[in-house]
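*Asks:* Below you will find the structure I want to go over with you.
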């Protein structure tokens with residue numbers, strides 16, 4: 001299209017708009033509403049971290065009785081203060097504990113095992129001199145929720161039941177929620193783990209998760 005033709009059409013459009021101000025307003029409003037609707041439909045929702053709290057409390061209750069200093073075999077631990085240890089020291093403690101014969105290296109409020117902790121350190125770029133305190137443990141747990149599908153759940157790409165099943169693969173004290181014997185732990189039969197909460201309670205906690 002030539003510049004002359006474009007200018008001619010532009011002038012014609014302006015004359016049309018002057019004669020029909022209400023029609024122009026209606027068209028503009030229509031375009032704005034349509035654009036906003038399309039934006040909202042395509043916008044990917046993010047989780048409001050504060051709404052993780054009910055689910056985190058549930059996981060902590062069945063995994064460690066809410067104790068940030070718990071470790072496998074001793075949920076009531078008050079002797080070893082993991083929250084004052086550096087991440088590097090916690091990792092060394094886990095290695096030593098397994099070498100002493102423990103079947104699990106799980107530590108902290110969310111009973112994070114050694115291989116999972118290493119992966120989270122790399123994913124979140126955590127300085128291993130940082131303390132394994134309450135704030136960091138909560139952050140690690142939220143990262144695991146997201147790894148298991150929290151964002152997909154919020155965006156209706158994952159059902160409540162499927163998300164619950166994913167969480168059971170991360171935390172053995174949760175029920176697998178699907179398939180035969182859904183009340184059982186995903187790791188039932190290994191001689192170490194069993195579900196300590198019902199499917200309905202897990203699903204109710206998941207329902208509390210909301211977008212920002």
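The values are calculated or read from the model by the stated rules, or taken from the named source; none is laboratory data. Predicted model, so just to flag it, every value in this text is computed and none were measured. Positions of Cβ are backbone-derived with ideal geometry, glycine not excepted, and every protein chain shown enters the neighbour counts.
Here's the yes/no breakdown for (1) within 15 Å of the chain's Cα centre (by Cα); (2) under 29 Å from residue 82 (Cα atoms):
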| site | (1), (2) |
| --- | --- |
| 123 | yes, yes |
| 132 | no, yes |
| 150 | yes, yes |
| 175 | no, yes |
| 181 | no, no |
| 188 | no, yes |
| 192 | no, yes |
| 196 | no, yes |
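*Asks:* Another question about this same structure. Can you name the residue in region 98-122 that is in a helix (DSSP H, G or I) and without any contact (Cβ under 8 Å) to a residue 24 or more places away in the chain and, of all such residues, is farthest from residue 168 (Cα to Cα)? Before you say what the answer is, go through the steps one by one.
*Replies:* Restricting attention to region 98-122, the residues satisfying the condition of being in a helix (DSSP H, G or I) are 98-99, 114-122.
If we keep only those that are without any contact (Cβ under 8 Å) to a residue 24 or more places away in the chain too, we end up with 98-99, 114-115, 119, 122.
Details: 98: 23, 99: 26, 114: 18, 115: 17, 119: 18, 122: 23 Å.
Among residues in region 98-122 that are in a helix (DSSP H, G or I) and without any contact (Cβ under 8 Å) to a residue 24 or more places away in the chain, the one farthest from residue 168 (Cα to Cα) is 99.
*Asks:* State whether the residues of region 143-152 include one that is assigned by TED's automatic domain parsing to the domain that holds residue 190, without any contact (Cβ under 8 Å) to a residue 40 or more places away in the chain and not in a helix (DSSP H, G or I).
*Replies:* Restricting attention to region 143-152, the residues satisfying the condition of being assigned by TED's automatic domain parsing to the domain that holds residue 190 are 143-152.
Checking which are without any contact (Cβ under 8 Å) to a residue 40 or more places away in the chain leaves us with 143-144, 147-149, 152.
From what's left, not in a helix (DSSP H, G or I): 148-149.
Taking every residue of region 143-152 in turn, at least one turns out to be assigned by TED's automatic domain parsing to the domain that holds residue 190, without any contact (Cβ under 8 Å) to a residue 40 or more places away in the chain and not in a helix (DSSP H, G or I).
*Asks:* Would you pick out the residues in region 71-97 that are within 17 Å of residue 131 (Cβ to Cβ) and either modelled with pLDDT under 95 or part of a helix (DSSP H, G or I) (or both)?
*Replies:* The answer is 82, 83, 84, 87, 88, 89, 90, 91, 92, 93, 94.
*Asks:* Name the one entry in 200, 127 that is assigned to a helix (DSSP H, G or I), loosely packed, with under 15 Cβ neighbours inside 10 Å and without any contact (Cβ under 8 Å) to a residue 60 or more places away in the chain.
*Replies:* On the way: 127 fails: assigned to a helix (DSSP H, G or I).
Sole residue among the options that is assigned to a helix (DSSP H, G or I), loosely packed, with under 15 Cβ neighbours inside 10 Å and without any contact (Cβ under 8 Å) to a residue 60 or more places away in the chain: 200.
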